[in-house]
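Before any comments, here is the structure.
The values are calculated or read from the model by the stated rules, or taken from the named source; none is laboratory data. The structure displayed is predicted, hence computed values, not measured ones. Neighbour counts are summed over all protein chains in view; Cβ atoms, including those assigned to glycine, are modelled from backbone coordinates with ideal geometry.
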Amino acid sequence: MKHLEQIHNQSAWLTSLISVLLGMLVGAGMMLAAGYDPLLAYGALFQNAIFQPYDLGETIRTITPLILTGLAVGLAFRTGLFNIGVEGQMIIGSLAAAIVGLKFSLPPVLHSAAAVAAAAVAGALWAFIPGLLKAVRGVHEVITTIMMNFIALNLSNWLVRTWLSNGADSTDKIKESASLRWDLLSQWFDNSRIHLGIMIALLAAYGMYVLLWKTTYGFELRAVGYNPHASEYAGMNVKRSILSSMMISGMFAGLAGACQLLGTSGYLSIRGGFEGIGFDGIAVALLGANAPIGILLAAVLFGVLTYGGGNMQFAADVPFEVIRVVFAAIILFVAANLSQSIFSRARGMRREPHA
Amino acid sequence: MLDVMANILQTTVLYSTPLVLAAMGGLFSERSGVVNIALEGLMTIGAFTAAVATLATGNPWLGLAAAMLSGVAFAWPHAAASIRFKADQVVSGVAINFLALGTSVYLVKHLYDSGQTPTVQETLKRMPIPGLDQIPVIGPSLFNAFPTTYIALVVSILSYIVLYRTPFGMRLRAVGEHPRAAETMGVNVVRMRYTAVLISGALAALGGAGLSIAIGSEFNQNTVAGQGFIALAALIFGKWHPFGALGAASFFGFAVALALMGQFFGLTQYVSSEVLNMLPYVLTILALAGFVGRAEAPAAIGKVYETDSR
C-alpha cells in the first residue's frame with residue numbers, strides 16, 4: 001500500500017504516459033502475433049469511438065461509470081484502503097435504484113433523484129460491512145470485499161428472480177420518471193444512450209477533490225491512509241476514518257450502479273457473472289494516480305478503448321479481448337513502476353564508468 | 001435416500017477437486033508471503049491451455065502438462081512484479097486476472113472464430129479403483145473419480161509433507177513469517193518466493209484444467225467464473241493449512257452440490273439456490289471476523305521484502 005501513495009509525485013504523469021504506451025505496444029504485439037494489423041485496428045478503434053456524434057455519445061456513456069468506480073477505488077487507496085468490492089457495491093447500487101424506480105411513484109425529477117440517492121446509500125451501506133470488520137476486528141478489506149462481491153451478485157439475482165419479477169430473468173423497465181435519460185441530450189448525440197449520469201460523475205470528481213484537499217476532515221482521511229499510527233498519536237480517530245472512507249468509496253460505487261441502471265439499461269436482469277466495471281475502476285484509479293483529474297483522464301482513455309474496442313472487432317476483425325490485455329499490461333506497468341525502474345537502471349549504467 | 005446421499009457426495013467430490021488444487025496453489029504462494037488473488041486468472045489460463053492442448057494432441061495428459069506450464073508462465077509476471085519490482089501484490093494479482101482472461105478469450109476467438117472452444121472429445125475419464133468402487137455411497141464418488149481428484153488428494157498430502165516435514169517447507173514458511181530472520185539464516189528470500197509463486201501457478205492451472213477437460217469438455221469465458229476466488233476463500237477458511245484448506249474446499253464443493261442438486265430433491269423449495277451460493281462467502285467473512293474460529297494469516301503476507309532495509 002505504501003507504494004500506492006508514492007505514485008502521486010511529479011513523475012506520476014510520466015509513469016502513466018509511458019505505461020499506456022507500453023500497454024498499447026503489448027496489445028500491438030499480440031495482434032501482430034495473431035496476424036492482425038495493429039495500426040489498422042487502433043485506427044478503427046479511435047475512429048469509431050469519437051468522430052461520429054452517436055459514437056461520441058456512447059463513448060461518454062461508457063466513460064461515466066468508469067469515472068465513478070475509478071473515484072471509488074482511488075478515494076479508498078488515498079486513505080490506505082484497497083476496495084476491491086466496488087463491483088459488488090455497484091451491483092447493490094443498481095439494485096436499490098431499480099427498487100425505487102420500479103416500486104415507487106414520484107414526480108419526474110424527484111423520482112430520479114430519490115433513486116440515485118437510494119443507490120448511493122445502498123452502496124455506502126454495503127461498503128460499511130467490510131469497513132466495520134476492518135475497523136473493529138482488523139480483518140483485511142481485500143478479502144472481505146471480494147467475498148461481498150459474490151454475496152451482492154447472488155442477492156441481486158435472488159431478488160430479481162423472486163420479488164422484482166416473479167420468476168423471470170429480468171425486471172420490467174423502470175418508470176419513465178426515474179430515468180436519467182434526457183431526450184434533448186440523446187438527440188444532440190444522434191439518439192445514443194448518453195444520459196445525465198455524466199453530470200453526477202463530474203460532480204463526484206469535484207466532490208472528491210474538495211473533500212480530500214480542501215477540508216480538515218479530508219486531510220485527516222489522507223493522513224490516516226498515509227500513516228495510521230502517527231495519525232492516532234496526533235489524536236485522530238482512525239477507526240472512524242476507515243469507516244468514513246469505505247462508505248464514501250461505496251457511495252461512489254453505488255452512484256456508478258445508479259448510472260448503469262437509470263441511464264443505460266433501464267431494467268435489472270439476472271447476472272451470469274460480473275460486468276467488470278468495478279474492477280476496471282482499479283485500473284482507472286491506478287493510472288490516474290488516485291487523484292480526481294487523473295482519474296477523469298484515465299476514465300476517458302479506458303472508456304474510449306472499451307467502446308472503440310467493440311467497434312474494432314467489427315471493423316478490423318480483431319477480437320475485443322486484446323483491449324483487456326492492454327488494460328492488464330497498463331496496470332502491471334504502473335504498479336511495478338517499470339518506467340522508473342528502466343530509467344533508474346539506465347542512469348545507473350551511465351554512472352558506472354565513472355565509478 | 002442413500003441414492004440422494006451418494007449423488008450429493010459425488011457432486012461434492014466433482015466440484016471440490018478444482019478448488020482443492022487451486023487452494024493448494026494459493027497455500028504455497030501465501031505461506032511464502034505473497035498474496036495470490038491471481039488464482040482466478042491462473043485457473044483460467046490453465047483451463048484454456050488444457051482444452052487447446054488436448055484438442056491439438058488428442059491426449060488429455062499432455063493437456064494437463066501444458067496447463068501447468070501455462071500456469072507457471074502467467075504466475076511469473078505476478079512474481080516479477082510483486083517480488084522483483086516491489087509492486088503492490090494485490091494490484092499485480094488483479095492485473096494477472098485481467099491478463100489471463102483477456103489472453104485466453106482473445107486466443108479462443110482467434111483460433112476458433114467463436115466464443116468457445118470446440119467440444120473436447122478426448123477428456124479425462126473416470127478411473128474406478130477395482131473393489132473399492134463397490135462400497136455403497138462412498139464407493140462411486142471417491143473411488144470412481146476423475147484422475148484429477150486422485151491428483152488433488154495426493155497434492156494435498158504432499159503439500160503437507162513438503163511444507164511441514166522438509167527443510168524446503170520450513171524455509172518457505174519462515175520466509176512468509178519473518179523474512180529478515182530467514183535471510184539471516186542463509187535463506188534466499190527472493191528465490192524462495194519466486195519458487196513458491198511459480199508452484200502456485202502450476203497447481204492453480206492444474207485445478208483449472210480439470211474444469212475444461214474432466215468435469216466439462218470445453219473452454220469459454222465463463223468456465224472458471226469465480227472459482228479461483230472460492231479457492232482463495234477455502235485457503236483462508238482453512239487457516240492457511242493444507243488439510244484445513246482441503247476440508248474447506250470440500251465443504252464449499254458441498255455447498256455447490258447442494259445448490260445444484262437441491263432442485264432435484266426439493267431443497268430449493270425452502271432455501272433458494274442463490275442463498276446456497278452465498279454460503280462459502282458468508283462463512284469466510286465470519287471466519288475472518290473470528291466468529292467461526294480465528295483465521296491468522298502468515299505474518300509477512302503482502303509485505304514487500306527490501307533486501308537492503310534494516
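Remarks
Listed here are the residues, each with its yes/no results for (1) more than 20 Å from A:HIS195 (Cβ to Cβ); (2) within 14 Å of another protein chain (Cβ to nearest Cβ); (3) not hydrophobic (A, V, I, L, M, F, W, C).
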position: A:SER11; (1), (2), (3): yes, no, yes
position: A:MET30; (1), (2), (3): yes, yes, no
position: A:ILE60; (1), (2), (3): no, no, no
position: A:THR64; (1), (2), (3): no, no, yes
position: A:GLY74; (1), (2), (3): yes, yes, yes
position: A:GLU87; (1), (2), (3): yes, yes, yes
position: A:ALA98; (1), (2), (3): no, no, no
position: A:GLY101; (1), (2), (3): no, no, yes
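- Among residues that are buried (at least 21 other Cβ atoms within 10 Å of the Cβ), out of contact with any strand residue (DSSP E or B) (no Cβ under 6 Å at 6 or more places or on another chain) and not in a loop (DSSP other than H, G, I, E, B), B:ALA181 is not included.
- Residues being among the acidic types (Asp, Glu) and under 24 Å from B:TYR305 (Cα atoms) are entirely absent from segment B:206-219.
- Enumeration of residues in segment B:219-235 that are outside any helix (DSSP H, G or I) and modelled with pLDDT under 90: B:ALA225, B:GLY226
- Close pairs from segment B:176-193: first charged (D, E, K, R), partner assigned to a helix (DSSP H, G or I), Cβ under 8 Å, at least 6 apart: B:GLU183/B:VAL189; B:ARG193/B:ALA79; B:ARG193/B:ILE83; B:ARG193/B:VAL175
- Unmet criterion (only one of (1) of a type in the set (Asp, Glu); (2) at pLDDT 90 or above; (3) touching a helix residue (DSSP H, G or I) at 6+ places or on another chain (Cβ under 8 Å)) for B:GLU177: (3)
- Looking across segment B:26-51, the residues that are of a type outside the set (Phe, Trp, Tyr), in a helix (DSSP H, G or I) and more than 13 Å from chain A (Cβ to nearest Cβ) come down to B:LEU27, B:SER29, B:ARG31, B:LEU42, B:MET43, B:GLY46, B:ALA47, B:THR49, B:ALA50, B:ALA51.
- Listed conditions (1) under 19 Å from A:ALA256 (Cβ atoms); (2) not in a helix (DSSP H, G or I) are all met by A:ASP172, apart from (1).
- Which numbered condition A:GLY35 fails, given (1) within 13 Å of chain B (Cβ to nearest Cβ); (2) in a helix (DSSP H, G or I): (2)
- Scan of segment A:242-288 for residues that are surrounded by fewer than 24 Cβ atoms within 10 Å (Cβ to Cβ), outside any loop (DSSP other than H, G, I, E, B) and of a type in the set (Gly, Ala, Ser), ordered by number: A:SER244, A:SER265, A:SER269
- Selected residue (criterion: nearest to B:PHE237 (Cα to Cα)) from residues of segment A:141-157 that are more than 7 Å from every other protein chain (Cβ to nearest Cβ) and in contact with a Lys or Arg (Cβ under 7 Å, 6 or more places away or on another chain): A:GLU141
- Enumeration of residues in segment A:38-58 that are touching a residue at least 12 places away in the same chain (Cβ under 8 Å) and within 14 Å of chain B (Cβ to nearest Cβ): A:ALA41
- Every residue from segment B:148-189 that is touching a Leu at 6+ places or on another chain (Cβ under 8 Å) and of a type in the set (Gly, Ala, Ser): B:ALA152, B:SER156, B:SER159, B:GLY169
- Filtered residue count, segment B:52-87, keeping only those that are buried (at least 24 other Cβ atoms within 10 Å of the Cβ) and not in a helix (DSSP H, G or I): 1
Every residue, every condition in (1) under 28 Å from A:ALA76 (Cα atoms); (2) at pLDDT 95 or above; (3) out of contact with any Pro (no Cβ under 7 Å at 6 or more places or on another chain); (4) among the small types (Gly, Ala, Ser), yes or no:
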site	(1), (2), (3), (4)
A:ALA113	yes, yes, yes, yes
A:ALA120	yes, yes, yes, yes
A:TRP126	yes, yes, yes, no
A:PRO130	yes, yes, yes, no
A:ALA135	yes, no, yes, yes
A:ILE146	yes, no, yes, no
A:ALA152	yes, yes, yes, yes
A:TRP163	no, no, yes, no
A:ALA201	yes, yes, yes, yes
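- Matching residues, segment B:96-124, being touching a residue at least 12 places away in the same chain (Cβ under 8 Å), more than 7 Å from chain A (Cβ to nearest Cβ) and of a type outside the set (A, V, I, L, M): B:ASN97, B:SER104, B:GLY115, B:GLN116, B:THR117, B:PRO118, B:THR119, B:GLN121, B:GLU122, B:THR123
- Residue tally, condition within 14 Å of chain A (Cβ to nearest Cβ) and in contact (Cβ under 8 Å) with a residue 12 or more places away in the chain, over segment B:197-234: 14
- Residue within segment B:178-191 that is under 30 Å from A:GLY27 (Cβ atoms), touching a Gly at 6+ places or on another chain (Cβ under 9 Å) and not hydroxyl-bearing (Ser, Thr, Tyr) present: no
- Restricting attention to segment B:92-115 and to residues that are among the hydroxyl-bearing types (Ser, Thr, Tyr) and part of a helix (DSSP H, G or I), the residue that is farthest from A:ALA336 (Cα to Cα) turns out to be B:TYR112.
- Only listed residue being modelled with pLDDT of 95 or more, charged (D, E, K, R) and more than 14 Å from B:GLN227 (Cβ to Cβ), chosen from B:GLU122, B:GLU40, B:GLU30: B:GLU30
- Residue satisfying all of: in segment A:137-169; aromatic (Phe, Trp, Tyr) and assigned to a helix (DSSP H, G or I); farthest from the chain's Cα centre (by Cα) among these: A:TRP158
- Of the residues making up segment B:85-95, just one is within 17 Å of the chain's Cα centre (by Cα) and more than 7 Å from chain A (Cβ to nearest Cβ), namely B:GLY93.
- The condition of being surrounded by fewer than 19 Cβ atoms within 10 Å (Cβ to Cβ), at pLDDT below 95 and small (Gly, Ala, Ser) holds for only one of B:GLY253, B:GLY216, B:GLY238, that being B:GLY216.
- Note on segment A:205-225: residues that are touching a residue at least 24 places away in the same chain (Cβ under 8 Å) and surrounded by 15 or more Cβ atoms within 10 Å (Cβ to Cβ) amount to 9.
- Exactly one residue out of A:LEU180, A:LEU133 is crowded, with 20+ Cβ neighbours inside 10 Å and within 14 Å of chain B (Cβ to nearest Cβ), and it is A:LEU133.
- Screening B:LEU260 with (1) at pLDDT 85 or above; (2) not in a loop (DSSP other than H, G, I, E, B) gives one miss only, at (1).
- Just one residue in the set A:ALA122, A:ALA113 is more than 14 Å from chain B (Cβ to nearest Cβ) and within 20 Å of the chain's Cα centre (by Cα); that residue is A:ALA122.
- Within segment B:22-40, residues that are over 15 Å from B:SER82 (Cβ atoms) sit with their Cβ atoms under 7 Å from residues that are among the aromatic types (Phe, Trp, Tyr) and in a helix (DSSP H, G or I), at 6+ positions apart or across chains, in these pairs: B:GLU40/B:PHE229.
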